[in-house]
1. Count, please, the residues in the range 230-253 that happen to be open to solvent by less than 70 Å² (accessible area, probe 1.4 Å) and touching a Lys or Arg at 6+ places or on another chain (Cβ under 7 Å).
2. Within the range 164-183, restricting attention to residues that are open to solvent by 50 Å² or more (accessible area, probe 1.4 Å) and touching a Ser or Thr at 6+ places or on another chain (Cβ under 8 Å), which residue is nearest to VAL80 (Cα to Cα)?
3. Out of (1) part of a helix (DSSP H, G or I); (2) in contact with a Leu (Cβ under 9 Å, 6 or more places away or on another chain), what's the single condition that is false for ALA233?
4. Considering only the range 185-222, how many residues are among the charged types (D, E, K, R) and in a helix (DSSP H, G or I)?
5. Would the range 2-12 turn up any residue that is in contact (Cβ under 8 Å) with a residue 60 or more places away in the chain, under 19 Å from MET88 (Cα atoms) and open to solvent by less than 10 Å² (accessible area, probe 1.4 Å)?
6. Identify the single condition in (1) among the basic types (Lys, Arg); (2) under 17 Å from ALA3 (Cβ atoms); (3) part of a helix (DSSP H, G or I); (4) open to solvent by less than 10 Å² (accessible area, probe 1.4 Å) that ARG39 does not satisfy, given that it satisfies every other one.
7. Return the residue satisfying two criteria in turn: it lies in the range 72-120 and is open to solvent by 10 Å² or more (accessible area, probe 1.4 Å) and in contact with a Pro (Cβ under 6 Å, 6 or more places away or on another chain), and of such residues it is nearest to GLU29 (Cα to Cα).
8. When the residues of the range 211-229 are filtered to those that are under 14 Å from ARG91 (Cβ atoms) and open to solvent by less than 10 Å² (accessible area, probe 1.4 Å), which remaining residue is nearest to the chain's Cα centre (by Cα)?
Amino acid sequence: MIAQVLGEGLPLVVIHGFGVDHRVMLPLEDALDGSGWRRIYIDLPWAAGNADTNVSSADHVAQSALNDIHKCLGDRPFAVIGNSFGGMIARHVAHVLRDQVLGLATLAGVYEPTHQARSLPRRQVVREDPSVLALAGHVREDYEEMTVVQSEATLEAFTRYVLPGLRGANQAILERVAAEYALSVEPEVAHPAPFEEPSLHLFGRQDHVTGYEDGWKLRSHYVRGTYAVLDAAGHNAHLERPELTAALVNDWLARTRASAQ
């Protein structure tokens, strides 16, 4: 479902992660507003307000995203950015629609779908602040689970952008997709020719959920890829390092626009 469309210009499809909704990506608006890109935010099937259409696998989610994009854009060129599980979906979209896609970006993207097979750093909180945890109140458990930089700013961002999607998600759909979390074929395997459009692959150095090393292994496939591993950033890297994330995303969009001309 197309959840929100903002701005004018070249289309940029924005895909969120597992268990949340499009609002987790809205912090990028500070960087994207006035960028000359029309942001098309997709809500994946479990988001509140979506009908339960018996989606039961990552393949189904990927096809749902492709259907939404086709309905919205037809054959028009676009760029795509995805976060976490949405990064895996974005990679699928970018490869299936390679002739139409201007560029690809992933933020803390899933590159190894099997949790037990991921190369992960140890769980580490870079900045602890007991006063912030006390302030979190009833959202403390959810906030503390992911956050590596405890601050009033990251708590506010989590409460505003992450928590609503978590609370509103359809758990039955999530459970079905979790059981078939991997795509049947990885995009780079199904489409092995190097991806030659501008790309960005941003990771958190302290991301204990998806890590960064599995994405780095694909660097030879993304021949125009910028790879960045941000210190003091976990799985919500774009919330914990918003300024640097914004700079890297804007650089990717500038490279993508220049390549498209």
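1. So the count comes out to 3.
2. GLU180
3. ALA233 satisfies all of (1) part of a helix (DSSP H, G or I); (2) in contact with a Leu (Cβ under 9 Å, 6 or more places away or on another chain) except (1).
4. 3
5. yes
6. Going through (1) among the basic types (Lys, Arg); (2) under 17 Å from ALA3 (Cβ atoms); (3) part of a helix (DSSP H, G or I); (4) open to solvent by less than 10 Å² (accessible area, probe 1.4 Å) one by one, ARG39 breaks only (3).
7. In this case the residue turns out to be LEU102.
8. Only one residue fits best here, namely GLY215.
The values are calculated or read from the model by the stated rules, or taken from the named source; none is laboratory data. Keep in mind that what you see is a predicted model, and the values were worked out from it rather than measured. FYI the Cβ positions are ideal-geometry reconstructions off the backbone, even for glycines, and counts take in every protein chain you see. The area values use the complete protein model at the heavy-atom level, side chains included, leaving out ligands, DNA and RNA. Shrake-Rupley method; radii C 1.70, N 1.55, O 1.52, S 1.80 Å.
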